[in-house]
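Asks: Okay, here's the structure, questions in a sec.
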Amino acid sequence: MSNLPVTAVIPVRNGAATIERAVKSAIDAGCEYVYIFDDNSTDDTKKVVSQFLGYGRVGLSSSDFHVGVNYARNYLISRTREDNLIIPLDCDDTLHDIAPLVAAWSPETWVYGNHIEVQDGNETLVKGVASGSLSRKNITGVTFLFHRDDWQKVGGYDPDFAYAEDYAFQCALTNAGVKPVYVDTTVYNRFLKPEGNERSVLAGEYWQFYRTMARRKWPNVFSGT
């Protein structure tokens, strides 16, 4: 089992209603540090986060203009220690126990598990198996654990992917030879809005666009599929 510190990186934009829950869950799940990037929020996000800043485990960065999730994640990771393991989290998600992911991590791997989708009070366990045309490549797009060195190796999160940034980053890691490892454990809760998941942009024409771009960028991931 790794003894490296784990940092949760959380971009947030107008997430005052959920960011406290996300930060608390990261601390309770075992993250040594929680780094937050306030992407020009116009609500009370900074006020909510400020209550955590005196404990030495939570850091807050911010921008005076909207920069997007990829810049935010890359900026936060760049400020972590070089020996850190990283787990990305959205501001409306909550982490469970990350110990099984840390136990399964080894150099040149990234580790993922299952998650629970919560909608209208109903919970659905979603196994972290890869889907679609990537069934043999383990590209899942869900929250996962990786080492800062591997983030640096692939040049960070890709700005060409305005959505599905974790999916794109996993493609980049796998293309570079960083091996995905699956652990049958629940990593986090993903909360869906009553009308559906507003982040489900990989359906229909969006999925075709991203898949085509991903195949062009990371051919090693898609070879043989």
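Just so it is clear, none of the values below were taken in a lab; they were calculated from the coordinates. Only a predicted model underlies this, so the values are computations on that prediction, with no experimental measurement involved. We place every Cβ from the backbone using ideal geometry, glycine too, and count neighbours over all the protein chains shown.
Asks: For Asp160 and Val181 in the same chain, what is the full-extension length gain: residue separation times 0.36 nm, less their Cα-Cα distance, in nm? Provide the component values of the computation, followed by the final result.
Replies: Values: separation 21, 0.36 × 21 = 7.56 nm, distance 2.57 nm.
That works out to 5.0 nm of additional length.
Asks: Report, for the chain, the % of DSSP beta bridges that are antiparallel, rounded to 5. Present the calculation step by step, with values, prior to reporting the outcome.
Replies: On the way: 13 of 38 bridges.
The answer is about 35 percent antiparallel.
Asks: For labels at Gln152 and Gln119 in the simple 7 Å Cα→Cβ model, what's the distance in nm?
Replies: 4.1 nm
Asks: I need the calculated FRET efficiency for the pair Arg216 and Arg81, taking r as the beta carbon distance and R₀ as 25 Å, to the nearest 0.05.
Replies: With a Förster radius of 25 Å, E is 0.15.
Asks: On C-alpha positions alone, give me the angle between the axis of helix 204-217 and the longest principal axis of the chain, in degrees, nearest 10.
Replies: 70 degrees
Asks: Lysine pairs in the chain 8 or more apart or on different chains: how many have alpha carbons under 22 angstrom apart?
Replies: So the count works out to 12.
Asks: Using alpha carbons only, how many degrees (0 to 90, rounded to 10) separate the axis of helix 165-175 from the longest principal axis of the chain?
Replies: Its long axis makes an angle of about 50 degrees.
Asks: Follow-up. What does the charge count near Glu123 come to, summing +1 for each Lys or Arg and -1 for each Asp or Glu among other residues with Cβ under 12 Å from its Cβ?
Replies: Details: positive: Arg190; negative: Glu117, Asp120.
Once all neighbours under 12 Å are counted, the net charge is -1.
Asks: Going by alpha carbons, how many degrees (0 to 90, nearest 10) lie between the helix axis of 19-29 and the longest principal axis of the chain?
Replies: Orientation of helix 19-29: about 70 degrees from the principal axis.
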